[in-house]
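Only one structure is covered here, and it is reproduced in the block below.
The values are calculated or read from the model by the stated rules, or taken from the named source; none is laboratory data. Not measured: the values here are computed from a predicted model. Here the Cβ positions follow ideal geometry from the backbone for every residue, glycine too, while neighbour counts run over all protein chains shown. Just the protein is used for accessible areas: all its heavy atoms, side chains included, with ligands, DNA and RNA removed. Shrake-Rupley method; radii C 1.70, N 1.55, O 1.52, S 1.80 Å.
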Amino acid sequence: MANLTHLPHVRNIKSGVNRWDPNHSAVFEVYFTLPAAIQGQFAEDEAILTEQVTDVSGLDQLQKNTPVGKQRFMNVDVSHSSPVIDETRATITIVFNLNLRNVTDNFVLKVLMAWKNLNYNLADGTRTLKNEYVADNLRIAEANRDGTIWRAYQFKDVLLTNIQGLGSLNYTSNEAQSLDVTFRSDYWEEVLA
């Protein structure tokens, strides 16, 4: 009878013996560029947006693959990869802290609303063209505990599609407000170290 190849002891596990560090989902940074139409107005705030990010979701959807199809013959299933991918875009949701700078300046909300209004401004009906309402890029970098980046996503032509989080107020809540903002990109590059 054969023996187990990995007895349950740290000295028998390569990650333990070699002191490999695990990946941590809390060590990341998001770098923004704003659309050119609002960069001049919010140049100072562009870098500060990075400091207000608390969560990023939607990265699992970046691993695209063709769906699995099937054929049937006399009650027997035959599986195959379909030739067409259902969708190729990336949809990322980023959660931001909301802070008041200089007593009343909700700068994160101002920047993101100005970006949203480039697409369609409800106040006056103004609309702009795609080269004005998309940002050149958005970068999400994941790092190890000492800050060395091991993976980065560089999203191109980033469109802000939704802002949520200000829909209700509550006298009994102690939670600080945050903003959920959804972005879409039709193209991105993933770089692994």
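Only lysines eight or more places from LYS116 in sequence, or on another chain, were considered; those with a Cα closer than 16 Å are LYS130. Spin-label model, THR93/LYS64: points 7 Å from Cα along the beta carbon direction are separated by 2.2 nm.
Compactness of the chain was expressed as the Cα radius of gyration divided by 2.2 N^0.38 Å, which yields 1.39.
Relative to the dominant Cα principal axis of the chain, helix 43-52 is inclined by about 40°.
Distance between the pseudo-spin-label points of TRP20 and GLU44 (7 Å out from Cα toward the beta carbon): 4.7 nm.
Here the contact order of the stretch 53-193, divided by its residue count and restricted to Cα pairs under 8 Å and six or more residues apart, works out to 24 percent. Counting only alpha carbon atoms, the long axis of helix 107-119 and the longest principal axis of the chain meet at about 90°. On average, how much accessible surface per residue is there in the stretch 6-153, in Å², for a 1.4 Å probe, leaving out ligands, DNA and RNA? Using a 1.4 Å probe on heavy atoms only, each residue of the stretch 6-153 averages 67 Å². The Cα atoms of the stretch 1-106 give a gyration tensor whose axes a ≥ b ≥ c have a/c of 1.5 or more with a/b no greater than b/c, which makes the shape oblate.
Let me make sure I get this right: for the stretch 97-139, a, b and c are the square roots of the gyration tensor eigenvalues over alpha carbons, sorted descending. Under 1.5 in a/c it's rounded, otherwise prolate if a/b > b/c, else oblate. Which is it? Oblate. Quick check for you: which residues of the stretch 140-163 have the amide N under 20 Å from the point 7 Å beyond the Cα of GLU189 toward its beta carbon? In the stretch 140-163, the label zone of GLU189 (backbone N under 20 Å from the point 7 Å along Cα→Cβ) covers 140-143, 149-159. One Cα centroid belongs to the stretch 127-160, the other to the stretch 13-70; the line between them spans 8 Å. The loop-placed chymotrypsin sites (Phe, Trp or Tyr not before Pro) in the stretch 1-78, going by DSSP, that have at most 10 neighbouring Cβ atoms within 10 Å of their Cβ come out as TRP20. Surface composition of the chain: carbon and sulfur atoms hold 50% of the protein heavy-atom accessible area at a 1.4 Å probe.
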